[in-house]
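The values are calculated or read from the model by the stated rules, or taken from the named source; none is laboratory data. Note that this is a predicted model, so its numbers are computed, not measured. Cβ coordinates were reconstructed from backbone atoms using ideal geometry, including for glycine residues, and neighbour counts include every protein chain displayed.
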């Protein structure tokens with residue numbers, strides 16, 4: 001814990017006391033047996049799912065959009081299982097950060113290491129791409145078993161104390177933890193024949209973004225993986241981890257994508273999305289549904305989240321070739337606002353009228 005003494009005193013002010021309390025609570029949970037840890041995590045997650053908060057509404061809406069074939073009862077059960085998985089994922093941080101290599105090996109199996117070794121033998125670096133699952137911390141720790149020079153990317157949080165904790169703990173089992181926007185560091189690591197691991201599946205509306213279908217619905221998505229592979233010549237391999245029903249974990253590193261990049265960044269993302277969606281359907285409760293995934297790049301994109309949509313700058317009108325593209329049938333069905341969104345807009349209109 002000596003690293004804590006190196007932090008600025010400002011990170012220990014009252015503003016950050018809840019963060020340090022949570023960190024201490026994780027330390028205590030870390031002393032539990034594995035079955036007890038799972039039970040505590042499941043209980044925390046189920047309680048979280050009962051709260052009237054935006055995360056719950058967003059997750060419910062995403063399940064409506066991505067699984068229209070399920071009825072309301074089936075989606076409600078999936079939502080409950082999802083938040084149980086979220087709670088377990090939080091408690092699993094104690095394993096990923098502080099458990100010994102022996103304990104991690106006893107709980108996990110990692111397949112496809114030969115694919116990683118074969119890609120590293122090329123000497124051009126390796127990009128591992130996965131998804132934002134509740135096992136994301138486990139996925140990072142499992143890579144430590146390969147003895148490969150792995151550097152995970154991370155998105156710094158606005159909470160400075162939490163950012164310091166995450167950077168330290170994730171760096172203990174990796175070469176370094178790299179901020180997601182530190183592109184020069186990423187390129188330098190790949191040129192040193194390092195392994196960079198990140199999940200490029202969340203909404204992205206900055207330079208290099210494109211509208212790519214996710215569960216049949218066009219969504220703003222990064223195409224940076226294609227550009228990184230083009231610049232560095234790095235191999236790109238899929239990597240997914242699942243929490244097993246009876247306990248423990250299974251990670252799979254797939255073979256390198258052939259002819260990647262293809263010259264069509266959108267087609268490259270679609271190849272990745274196909275694998276991502278297949279894994280999500282395998283363990284749907286383990287995907288992180290609390291993210292506002294469905295956002296657009298242009299004006300006129302449906303508002304899928306109602307009152308939970310964050311304010312944003314006005315979007316530009318779409319180019320003719322984009323506006324002319326038909327929306328898929330699934331997207332047309334999903335474009336209808338949810339009951340939460342409709343209720344929110346109705347209440348807003350009523351408030352405006354009464355004002």
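Whether any residue in region 248-265 is in a helix (DSSP H, G or I) and either in contact with a strand residue (DSSP E or B) (Cβ under 9 Å, 6 or more places away or on another chain) or farther than 15 Å from residue 126 by Cα (or both) is what I want to check.
yes
May I ask you to say which residue of 116, 65 is more than 19 Å from the chain's Cα centre (by Cα) and either in a loop (DSSP other than H, G, I, E, B) or crowded, with 21+ Cβ neighbours inside 10 Å (or both)? So that I can check it myself, show each step before the final result.
Numbers: 65 fails: more than 19 Å from the chain's Cα centre (by Cα).
Only one candidate qualifies: 116.
Answer with yes or no whether residue 128 is over 17 Å from residue 26 (Cβ atoms), more than 17 Å from the chain's Cα centre (by Cα) and outside any helix (DSSP H, G or I).
In short, no.
Rundown of residues vs (1) at pLDDT below 50; (2) farther than 27 Å from residue 132 by Cβ; (3) surrounded by fewer than 16 Cβ atoms within 10 Å (Cβ to Cβ), yes/no style:
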position	(1), (2), (3)
270	no, no, yes
277	no, no, no
287	no, no, no
302	no, no, no
311	no, no, yes
328	yes, no, yes
355	yes, yes, yes
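Pairs under 7 Å by beta carbon, first residue in contact (Cβ under 8 Å) with a residue 40 or more places away in the chain in region 22-35, partner surrounded by fewer than 15 Cβ atoms within 10 Å (Cβ to Cβ) and part of a helix (DSSP H, G or I), six or more apart or different chains?
Going by the 7 Å Cβ cut-off, the qualifying pairs are 30/98.
Take the conditions closer than 19 Å to residue 242 by Cβ, surrounded by 14 or more Cβ atoms within 10 Å (Cβ to Cβ) and more than 21 Å from the chain's Cα centre (by Cα) and apply them to residue 86. Does it pass?
no
Is it the case that region 199-210 has a residue that's buried (at least 20 other Cβ atoms within 10 Å of the Cβ), in a helix (DSSP H, G or I) and within 18 Å of the chain's Cα centre (by Cα)?
no
Given (1) in a helix (DSSP H, G or I); (2) touching a helix residue (DSSP H, G or I) at 6+ places or on another chain (Cβ under 7 Å); (3) modelled with pLDDT of 95 or more, where does residue 97 come up short, assuming only one miss?
Residue 97 satisfies all of (1) in a helix (DSSP H, G or I); (2) touching a helix residue (DSSP H, G or I) at 6+ places or on another chain (Cβ under 7 Å); (3) modelled with pLDDT of 95 or more except (3).
Which one of 52, 18 is assigned to a loop (DSSP other than H, G, I, E, B), free of Cβ contacts under 8 Å to residues at least 40 places away in the same chain, out of contact with any helix residue (DSSP H, G or I) (no Cβ under 9 Å at 6 or more places or on another chain) and farther than 13 Å from residue 93 by Cβ? Walk me through how you get there before you give the answer.
Working: 18 fails: assigned to a loop (DSSP other than H, G, I, E, B).
Checking each option against the conditions leaves just 52.
Test residue 75 against the stated conditions and say whether it is touching a helix residue (DSSP H, G or I) at 6+ places or on another chain (Cβ under 6 Å), within 29 Å of residue 271 (Cα to Cα), free of Cβ contacts under 8 Å to residues at least 24 places away in the same chain and part of a helix (DSSP H, G or I). Show your work before the answer.
Working: touching a helix residue (DSSP H, G or I) at 6+ places or on another chain (Cβ under 6 Å): yes; within 29 Å of residue 271 (Cα to Cα): yes; free of Cβ contacts under 8 Å to residues at least 24 places away in the same chain: yes; part of a helix (DSSP H, G or I): yes.
When the stated conditions are applied, residue 75 passes them.
Being farther than 26 Å from residue 282 by Cβ, in contact (Cβ under 8 Å) with a residue 24 or more places away in the chain and either within 15 Å of the chain's Cα centre (by Cα) or buried (at least 20 other Cβ atoms within 10 Å of the Cβ) (or both) narrows it down to one residue among 217, 231, 187, 178; which is it? Can you show your working first?
Numbers: 217 fails: farther than 26 Å from residue 282 by Cβ; 231 fails: either within 15 Å of the chain's Cα centre (by Cα) or buried (at least 20 other Cβ atoms within 10 Å of the Cβ) (or both); 187 fails: either within 15 Å of the chain's Cα centre (by Cα) or buried (at least 20 other Cβ atoms within 10 Å of the Cβ) (or both).
So the residue among 217, 231, 187, 178 that is farther than 26 Å from residue 282 by Cβ, in contact (Cβ under 8 Å) with a residue 24 or more places away in the chain and either within 15 Å of the chain's Cα centre (by Cα) or buried (at least 20 other Cβ atoms within 10 Å of the Cβ) (or both) is 178.
Hey, does region 16-26 have a residue that's surrounded by 12 or more Cβ atoms within 10 Å (Cβ to Cβ) and over 27 Å from residue 286 (Cβ atoms)? I'd like the intermediate steps shown before the answer.
Applying the first criterion (surrounded by 12 or more Cβ atoms within 10 Å (Cβ to Cβ)) to region 16-26 yields 16, 18-20, 22-23, 25-26.
Pick out the ones that are also over 27 Å from residue 286 (Cβ atoms) and you get 16, 20.
Looking through region 16-26, at least one residue is surrounded by 12 or more Cβ atoms within 10 Å (Cβ to Cβ) and over 27 Å from residue 286 (Cβ atoms).
Tell me, yes or no, whether region 120-142 has at least one residue that is free of Cβ contacts under 8 Å to residues at least 12 places away in the same chain and in contact with a helix residue (DSSP H, G or I) (Cβ under 9 Å, 6 or more places away or on another chain).
no
Do we have residue 105 as in contact with a helix residue (DSSP H, G or I) (Cβ under 7 Å, 6 or more places away or on another chain), in a helix (DSSP H, G or I) and modelled with pLDDT under 95 here?
For residue 105, the condition - in contact with a helix residue (DSSP H, G or I) (Cβ under 7 Å, 6 or more places away or on another chain), in a helix (DSSP H, G or I) and modelled with pLDDT under 95 - is met.
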